[in-house]
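Inspection log for the structure reproduced underneath, given as C-alpha cells.
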Protein chains: 2
Amino acid sequence: MSAGHTAVTTEPVVTCGGEDCGIRGVLDRIGDKWSVLVVVELAQGVRRFRQLQRAIPGISQRMLTLTVRRLERDGLITRTVHPMVPPQVDYELTAMGHSLTYLVKALADWSAEHQDAIARARERWDEANPGSGIH
Amino acid sequence: MSAGHTAVTTEPVVTCGGEDCGIRGVLDRIGDKWSVLVVVELAQGVRRFRQLQRAIPGISQRMLTLTVRRLERDGLITRTVHPMVPPQVDYELTAMGHSLTYLVKALADWSAEHQDAIARARERWDEANPGSGIH
DNA sequence: CTGCATCCCGGGCGATACTG
DNA sequence: CAGTATCGCCCGGGATGCAG
C-alpha cells in the first residue's frame, strides 16, 4: 500500500477483497429498492399485506408479493396466515431481520449526513458536463 | 455504532420512515452491484482504468465507464487524466468516498455474520416450497 | 490505454384480470 | 383481503466497432 502520505490511517479494507464474498447475496437483497422499504416498515411492528402496500406508495401488488416472499425465503421476515374470512396475513421481522435494521440505520445515517454534499457534487458535475446523459 | 442496548424493544426506527429520504439516492448508488466493487477496489489505493477492469472480473468496459462516471458525479471518487501517450487516467476515492468504505465494511461484516444463516434459510424454504420460481 | 456510439437481447417490473 | 397468472413495455447492460 502507498505509504509515505499524510495520516491515511485505518482503511476498513473490506475483508473479502473485490471478488464475490457474501456481500453480493446481501446486496441483491438490501440493495433492492423495495426490500429496504419493507424492512423499514416492519421495523415498526407487525404489518398486514395491505398495510405494507399502503405504507409504501409506489409499490405494485406484484412487487410487494415478490419482495415479501424473498425476504421470507432469506429468513428475514415471517409470514403468518390466519385462517379467517376475509383472509389475514401478518408479516414480522425475525431476529435476523431485526439485526438488519441496524445496518439500514447506518445506511440512513450515512445518507442523511452526506446527501447534501452529494446533491451539490451532482449539481457541479452536471454544470461542468452538460448533456452527458449520466445519471 | 451507538449503544446497541440489548436486543428486543429498541428498534433503530429509521428516521425517514417508509417514504423516500436520502436513502434512495444512496441505495441507487451503493446498492449497485458494480459501484460497491469499484469502491472496495479503490479503498486499497489509486487505480487506473484497466487495473479496475482487471480487478473486477465480470465487469464490461461499458459498465465500468458508466460506474466511475456516476461515482465521480456523486463526488465519491476523483478522475485524473494524465496527458501522455498512451493515455493514463487515475481514479481515487475522495474523503466522502473513504467514509463510504466504512459503510461497506459494515455491510461486509453483516454479510459474513449472517450469510450462513441466510443460506440455510433459503435451503429450508426451497425445500418446503418446491418449484416456486422465487429467487 | 481510455472512452464513446451503436446494436440488440433478456428479463425486470407495472398493469390488468381472475381466484379463494 | 391476499395472492396468482398473463401480457407487454421498457431499459439495463453485454458485445462490438471506432476514435483520440
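With neighbours defined as other Cβ atoms within 10 Å of a residue's Cβ, the residues A:98, B:135 order from fewest to most as B:135, A:98. In the assembly of identical copies, residue A:61 has its label point, taken 7 Å from Cα in the direction of the beta carbon, separated from the corresponding points by 4.8 nm (ascending, one decimal). Coupling constants for segment B:123-135 follow from the phi torsions by the Karplus curve (6.51 cos²θ - 1.76 cosθ + 1.60, θ = phi - 60°), and in residue order they are 4, 4, 5, 4, 6, 7, 10, x, x, 7, x, 7, 8 Hz; glycine and proline get x. By other beta-carbon atoms within 10 Å, ranking A:102, B:102 with the fewest at the front produces B:102, A:102. Sorting A:94, B:101 by the number of Cβ atoms found within 10 Å of their own Cβ, with the fewest placed first, yields A:94, B:101. Inter-copy label distances at residue B:82, using a point 7 Å along Cα-to-Cβ, come to 6.7 nm with the shortest given first. Using a simple spin-label model with pseudo-atoms 7 Å out from Cα toward Cβ, residue A:62 and residue B:46 lie 4.9 nm apart. Once the Cβ-Cβ distance of residue A:123 and residue B:115 is raised to the sixth power relative to R0 = 41 Å, the FRET efficiency obtained is 0.60. Averaged over the residues of A:113-119, the number of partner chain Cβ atoms lying within 10 Å of the residue Cβ comes to 6. In the assembly of identical copies, residue B:115 has its label point, taken 7 Å from Cα in the direction of the beta carbon, separated from the corresponding points by 3.1 nm (ascending, one decimal). For segment A:84-91, backbone phi angles converted through the Karplus equation (6.51, -1.76, 1.60; θ = phi - 60°) give residue-by-residue couplings of 8, 10, x, x, 9, 10, 9, 10 Hz, Gly and Pro being listed as x.
Every number in this text was worked out from the coordinates using simple rules, so none of it is lab data. Everything quoted here is computed from the prediction, not taken from an experiment. Reconstructed Cβ throughout: ideal geometry from the backbone, glycine too, with neighbour counts over all protein chains shown.
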